[in-house]
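Reading through the structure tokens given below for one structure.
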Amino acid sequence: MMGGQAGRLVALAIGVVMLAGCVMAEKYEAEKARAMNFQRLLAQEEKRTGEMDSELKRLKRDSSDLEARNRELAAQVQAVREQLGRMQEEAAAMRDAALLKDQDVLGKARKAPAKGKRVDKMAPIGMDPGALAPVPMPDLAPTGGATPRYHEVRPGDTLMAIGRLYGVDVNTLKLLNNMKNNTIHVGQRLVVGRE
């Protein structure tokens with residue numbers, strides 16, 4: 001009987017060991033599968049990180065290119081603004097010159113001796129030519145105690161803007177300052193009238 005019980009115990013022990021071995025094998029396989037999943041996920045994350053790094057480098061490169069392009073466009077816009085300012089000054093100077101010429105023509109037409117009823121070509125149809133009065137021009141000649149009035153050119157100033165500020169047209173400013181063109185410089189002192 002003892003031999004039968006010992007055999008049963010040995011069989012039971014072998015069964016327990018085999019069962020434990022099966023459980024351990026299953027745990028091992030599960031851990032192995034989990035480790036493989038982690039390795040696959042890690043590889044995917046490393047690949048995604050590499051792609052994001054290359055995308056970030058591309059974006060930085062594009063950003064610096066865009067900043068350079070932005071600076072270039074800003075310089076072009078500034079140049080166009082300056083050119084527009086010069087063109088506006090030139091247009092105003094041309095308009096003022098045309099007005100001066102028209103005033104000279106009107107003045108000569110009024111001084112001409114009247115021969116019968118004459119129609120002035122400068123007067124609008126139906127308007128009496130004598131009704132047109134010349135636009136008063138500022139007195140440029142220095143008077144006894146009159147001292148020149150000056151304006152110091154600041155950044156952004158134009159002859160047109162300075163003229164508006166002091167009520168003087170661009171041609172008069174150019175005449176007062178012996179200027180051939182509309183170019184002025186920051187810090188330059190311009191005569192804008194008499195006090």
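Scanning the stretch 168-183 for residues that are crowded, with 18+ Cβ neighbours inside 10 Å and of a type outside the set (S, T, N, Q) yields a count of 6.
When the criteria are applied in full, residue 47 fails the requirement of being in a helix (DSSP H, G or I), basic (Lys, Arg) and over 60 Å from the mean Cα position of the chain (by Cα).
Would you pick out the residues in the stretch 151-160 that are without any contact (Cβ under 8 Å) to a residue 60 or more places away in the chain and surrounded by 13 or more Cβ atoms within 10 Å (Cβ to Cβ)? The answer is 151, 153, 157. Based on what the data block shows, is residue 121 exposed (fewer than 10 other Cβ atoms within 10 Å of the Cβ) and either at pLDDT 65 or above or not β-branched (Val, Ile, Thr) (or both)? Here the answer is yes, as residue 121 does meet what is asked.
The values are calculated or read from the model by the stated rules, or taken from the named source; none is laboratory data. In this text the structure is predicted, and so the values were computed from the model without any measurement. Note: ideal-geometry Cβ built from the backbone for every residue, glycine included; neighbour counts use all protein chains shown.
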